[in-house]
Amino acid sequence: EYYNQVGEGGTIYALHRHPLETKKLYTATEGGLYLSEDEGKTWVLLAHQEFRGPRKMRLRFDAHDSQRILWITGTQLLSSEDGGHTWHSLGEGLTGLPWFSDAAFDPLDPAVVYAATAWGVYRLDTYQPDTAVGAEQILPATFSLHPNYPNPFNPTTAIRLSLPRPGEAELAIYN
């Protein structure tokens, strides 16, 4: 039985039923993350996020706390402590271009999240206090061009470039 479109339509990248609150469905679309509390009949936008191109998004729910959710988008690992109404990013300080393929809550320590990336598994402490950073930017000492990810790719990839000072840069790719 067809109910309706989610949001403004578009591609749906992921659909997950909440394991502890079974009437709740979450779906990630081109426009963001939506929640249905009536098994898919109506949808409410939880987080606006523009996505284009192929995405392998995932949602992970904490088995011990129905309000804790991880949203893995590929380029971001987002965490919510309030059922998906507010989100914050995890793992921004990881070295290299973060590409998150999956994540999991530690069942023995609620402060720990494990994140799977192209470089291996990271253990992230989610309850560490935020670090204040001054207005002065810390820039890399030298130019560096990081490997593209994913590789091989079809049809998109990401290439990260670090410059020793602010300014314009041009990247040319030849076949």
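Taking each residue of the range 44-65 that is over 29 Å from Asp109 (Cβ atoms) and looking for partners that are modelled with pLDDT of 85 or more with beta-carbon atoms closer than 6 Å, six or more apart or interchain, yields Val44/Leu35; Leu45/Tyr34. Scan the range 127-137 and give yes if some residue there is at pLDDT 75 or above and open to solvent by 50 Å² or more (accessible area, probe 1.4 Å), otherwise no. Scanning the range 127-137 turns up no residue that is at pLDDT 75 or above and open to solvent by 50 Å² or more (accessible area, probe 1.4 Å).
Consider the range 67-82 and keep the residues that are modelled with pLDDT under 85 and over 11 Å from Tyr13 (Cβ atoms). The one that is surrounded by the fewest Cβ atoms within 10 Å (Cβ to Cβ) is Thr75.
The values are calculated or read from the model by the stated rules, or taken from the named source; none is laboratory data. Computed from a prediction, not measured in an experiment: that's the story for all the values here. Note that we place each Cβ from the backbone using ideal geometry, even for glycine, and neighbour counts take in every protein chain shown. Calculation scope for accessible area: heavy atoms of the full protein, side chains included, ligands and nucleic acids excluded. Shrake-Rupley method; radii C 1.70, N 1.55, O 1.52, S 1.80 Å.
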